[in-house]
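Comments concern the structure below.
Readers should treat all values here as calculations from the given coordinates under stated rules, not as data from a laboratory. The shown structure was predicted, so the numbers you read here are calculated from the model rather than taken from an experiment. Cβ placement follows ideal geometry from the backbone for every residue including glycine, while neighbour counts extend to all protein chains displayed.
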Amino acid sequence: MNERHSIVRSVGAYLPARILTNDELAKMVDTSDEWIVQRTGIRQRHIAAEGENTSDLAAAAGRKALENAGVGIEDIDLIIVATTTPDMTFPATATLVQQKLGMHHGAAFDLQAVCSGFVFAVATADSYLKNNLARRVLVIGAETFSRILDWTDRTTCVLFGDGAGAVVMELGKEGPPERGVLASSLRSDGRHWNKLYTDGGPSSTRSMGLVRMEGKEVFKHAVGMITDVVHNVLDAAGYGIDDLDWFVPHQANKRIIDGAGVKLGIPPEKVVVTVDRHANTSAASVPLALSTAVADGRIKRGDLVMIEAMGGGFTWGASLIRW
Ligand code: UT7
């Protein structure tokens, strides 16, 4: 097979300095560290400082990914920012990141698929590269979810955090796919929109709205949707579950991650978990988890890595990457 594959050259991440613990949250709403840990696995989350916006987090993660790739911003010709929490309704946060990174050429746009945004952005970058619409892409997942939470609603405010992660993607050499994005599967089903949404927006209420969720309903659908796309991707690439070295799932809830792992038959030691420290950072969760596992030496060159995510819409998707 001589098809060229887009490779992931590097990863980078940024987390705001401020850590909010479960015990601190228990002073704000009627909850407890015990409940949060038992039901979600979350122990703490990072919260962006006042004046620190999604574009700041995104630019910091992007800089790190560029540094780790050993390339400069002049070598990038497309920036995609997956986010649900843009600095402004417009312009796209990606253009603000472009300005912050000093890039005056190429193109930049946002992608909105909520928690699945990074997986959708990887698949989008892969298509741009394969179709010669870009040479090297900075793909970022960045969120300040703390800004759209109702801090009096204990059913949602304990679940989310802020952060950003980024990868540099480029087209690999011609020849057998030694590295790269081997297959992706993207799905959505708008019949489920009102199970996880914000109760406002520019067009409907002229405001941004806050997160509302039927947690149990989301939970009920999550494992089945995740396992479906993972199987689709493995089938498309001609691999089986046992071939996977690492499973890097969206970090929403430890119980969902465990449930998907069990249903797929992936042993826990192959599953990257960061939800305990980061909580659910939406589009940032997968690149943050990738960055963690690359930095601590678990994910190595040549490893077969499955990323997946599921979120509002519903949207869900997975990509298989030879690292
Ligand atoms: O990226 C996708 C985004 N979202 C998700 O993936 C979330 C998916 N859903 C979940 O993770 C879980 O459904 C939750 C963690 C949100 C909730 O866990 P659950 O086991 O489904 O709990 P529940 O909603 O059935 O609530 C059980 C009880 C309720 O009390 P009663 O009615 O049994 O008296 C809730 O009011 O827990 C109560 N509760 C809380 N108690 C303490 C809900 N939130 C809290 C809280 N602290 N923070």
- Query: So what is log10(I(q)/I(0)) for the chain at q = 0.07, 0.11 1/Å, when the Debye sum runs over its Cα atoms only?
  - Reply: -0.24, -0.62
- Item | Anchor residue 220: lysines whose Cα lies under 17 Å away (excluding residues fewer than 8 positions away in-chain) | 195, 254, 263
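Determine by what factor the alpha-carbon radius of gyration of the range 171-289 differs from 2.2 N^0.38 Å, reporting the quotient. Don't skip to the answer; put the middle values down first.
Numbers: Rg = 17.0 Å, N = 119, 2.2 N^0.38 = 13.5 Å.
In units of the globular-protein estimate, the range 171-289 measures up at 1.25.
In nm², what is the average projected area of the convex hull enclosing the Cα atoms of the range 3-175? The partial results should precede the final answer.
Values: hull surface 43.6 nm².
One quarter of the hull surface, i.e. the mean projection, equals 10.9 nm².
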- Message: Please enumerate, by chain and number, the aspartates and glutamates with C-alpha under 16 Å from the C-alpha of residue 173, excluding those fewer than 8 residues away in the same chain.
- Response: 3, 126
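Just order 87-100, 211-224 by mean Cβ neighbour count inside 10 Å, highest at the front, would you?
Numbers: 87-100: 19.2, 211-224: 16.3.
Descending packing order for the listed peptides: 87-100, 211-224.
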- Message: If each DSSP helix of 4+ residues adds -39,500 (n - 2.57) and the sum is divided by the residues in the chain, what number results at 222 nm, nearest 500 deg cm²/dmol?
- Response: -9500 deg cm²/dmol
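What length, rounded to one decimal in nm, is gained on full extension from residue 147 through to residue 75, with 0.36 nm per residue of separation minus their alpha-carbon distance? All intermediate terms of the calculation are to be shown ahead of the outcome.
Values: separation 72, 0.36 × 72 = 25.92 nm, distance 3.30 nm.
Between residue 147 and residue 75, full extension yields an extra 22.6 nm.
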- Task: Give me the distance in nm between label points sitting 7 Å out from Cα along the Cα-to-Cβ direction at residue 3 and residue 131, one decimal.
- Result: 1.5 nm
- What nm value, rounded to one decimal, do you get for the distance between residue 216 and residue 105 when each label is placed 7 Å out toward the C-beta? 5.7 nm
